[in-house]
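Data block below; observations after.
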Amino acid sequence: MRIIFVLIILTISTWSMAQTIPHATLFQYNHMMVNPGYSGMNDGITVNTVVRNQWMGWEGAPNTQNFNVHMPFKLFGAEHGAGLTLMNDEAGFENNIAIGLNYAYRRDIAEGTMGIGVGFGFYNQSLSGTFDPIEEGDGLIPQGEDEALFFDLNIGGFYKTDKLYFGFSVNHLTAPEVKYKNSTGGSYPYYQRAAFLTAGYRYQLSNPLFELEPNIMVYTTGSSTQAAFNAIMHYKSRFWGGVGYRVIDAASVMAGAEIIEGLNIGLAYDIPTSQVINATAGSFEFTVQYIFKVDLEKDDRIYRSVRFL
């Protein structure tokens with residue numbers, strides 16, 4: 001079954017982005033996954049978790065967990081942002097564990113804030129299983145369990161107002177090559193440089209209780225390009241629901257709510273539009289985000305009267 005899964009992945013990759021970049025249906029709620037310039041964009045410490053089970057019902061199908069935390073801070077009279085990202089991504093025989101640190105320089109421009117950021121970290125890729133190569137003696141094919149560790153570098157810019165956002169980033173700048181510990185051959189390219197463009201805008205409808213938010217993400221490695229769109233309807237700025245489409249891949253339905261102040265949850269279900277639909281129950285994604293404000297600035301005011309204490 002896993003061999004069949006691998007063959008299908010190779011076929012799909014001719015028209016879609018390679019699985020080395022995990023899919024995200026709720027991408028508008030997880031900018032930190034691809035853009036270090038987003039670090040510190042919210043007014044407080046932001047903790048975000050995303051869990052995605054892709055192509056449910058298939059043995060060895062992609063399964064991704066992403067966690068990030070970031071916050072704004074001031075230093076030397078300037079505004080900055082810092083964040084930590086963690087990811088676990090499993091697909092077939094392969095398991096990728098990544099850790100990254102992000103930094104962004106932030107500056108107010110017009111009605112919003114611009115962040116220019118850089119992120120760096122490490123990937124640990126491990127394999128488990130038995131491989132049956134067509135041609136014996138290929139030193140690049142690991143035998144049994146093996147792993148590789150490599151450095152990764154990302155850059156990005158992100159602009160955000162109360163209604164509008166757009167970002168551009170380039171991931172895997174180092175285009176890391178994988179060399180397994182037990183391999184007798186050399187290394188081989190695995191992670192291609194990938195550029196991401198994201199944008200969204202919240203339109204106030206005639207009824208003040210409703211806002212419509214279209215979002216788009218386009219990402220490319222040069223040899224392969226993918227695009228995702230969705231439209232979200234917000235109600236009272238607390239409840240939302242919508243639909244989405246990832247080109248030649250899946251249609252989506254999604255919903256979410258702010259449970260308490262600062263705590264948001266979101267759910268998405270993908271229905272494949274390719275032949276994959278014949279062998280899977282679809283894909284499920286879940287996100288939880290909590291933003292809490294912490295007053296990190298010292299109050300230097302001197303009170304002269306007990307009336308102000």
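Only the coordinates and a few stated rules stand behind these numbers; no lab work does. In this text, all values refer to a predicted model and were calculated from it rather than measured experimentally. So basically every Cβ, Gly included, is an ideal-geometry build from the backbone, and we count neighbours across all protein chains shown.
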Highest average packing first - 258-267, 93-102, Cβ atoms within 10 Å: 93-102, 258-267
Scattering profile of the range 174-273 at q = 0.10, 0.12, 0.14, 0.21 Å⁻¹ [log10 I(q)/I(0), Debye over alpha-carbon scatterers]: -0.45, -0.59, -0.72, -1.08
Where a label projected 7 Å from the Cα of Ser224 along Cα→Cβ would reach, residues of the range 237-274 with amide N under 17 Å: 246-250, 273-274
Relative packing of 163-172, 38-47, which averages over residues the other C-beta atoms within 10 Å, highest first: 38-47, 163-172
Hz values of 3J(HN,Hα) by residue in the range 56-67 - Karplus curve (6.51, -1.76, 1.60), Gly and Pro given as x: 4, x, 9, 5, x, 5, x, 9, 10, 10, 10, 10
